[in-house]
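What follows is a short report on a single structure.
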Amino acid sequence: MPILIPYQINAKEYSIFVALDASGFDRLKQYDPAEFSLNKVIRMFSKLKLSSISVGYANEQDIQVVAKMLLEDGNPQRALNYLSRGWEYHPEKGDHDGPPMSIKPDGSKVQ
């Protein structure tokens, strides 16, 4: 079961954390894309700009822990910290903080 957690990051923006379980990743490996509709995001975010989407992993125990956290206080921060507990910056594995990179062989921008 995937988890979708929208959360406000400042007065003008919100982000979304998507956590897929093993079956979700199995489907991705079969070229069966995951999809969610932005229309289903809580209406309280309708006036805000989407800043980012993070995709992570959650096993069955993680899903239970996160569900309990969200039910206890309704504040997603503790659940987000739990789900992103392994977050690290790995430039050698493709992480970068620069502008979007082109996949074109000559490096030109996509029009």
Meets criteria (among the aliphatic types (A, V, I, L, M) and surrounded by 10 or more Cβ atoms within 10 Å (Cβ to Cβ)) for Ala11: no
Which numbered condition Asp32 fails, given (1) under 17 Å from Asn75 (Cα atoms); (2) loosely packed, with under 13 Cβ neighbours inside 10 Å: (1)
Close pairs (6 angstrom Cβ cut-off, 6 or more residues apart or separate chains): under 13 Å from Ala79 (Cβ atoms) and without any contact (Cβ under 8 Å) to a residue 60 or more places away in the chain in region 43-68, assigned to a loop (DSSP other than H, G, I, E, B) and among the charged types (D, E, K, R) anywhere: Ala58/Asp21
Residue match in region 78-88 (condition: more than 21 Å from Ala34 (Cα to Cα), surrounded by 10 or more Cβ atoms within 10 Å (Cβ to Cβ), over 16 Å from the mean Cα position of the chain (by Cα) and at pLDDT below 95): no
Count of residues meeting criterion [in contact (Cβ under 8 Å) with a residue 12 or more places away in the chain and over 26 Å from Gln61 (Cα atoms)] in region 20-42: 1
Any hit, region 30-48, residues being aliphatic (A, V, I, L, M), part of a strand (DSSP E or B) and at pLDDT 90 or above: no
Answer from Ile53, Ile63 - the residue that is in contact with an Asp or Glu (Cβ under 9 Å, 6 or more places away or on another chain), among the β-branched types (Val, Ile, Thr) and surrounded by 10 or more Cβ atoms within 10 Å (Cβ to Cβ): Ile63
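The values are calculated or read from the model by the stated rules, or taken from the named source; none is laboratory data. Quantities reported herein were computed from a predicted structural model and do not represent experimental measurements. Because the Cβ atoms are built from the backbone with ideal geometry, glycine has one as well, and the counts that use them run over all protein chains shown.
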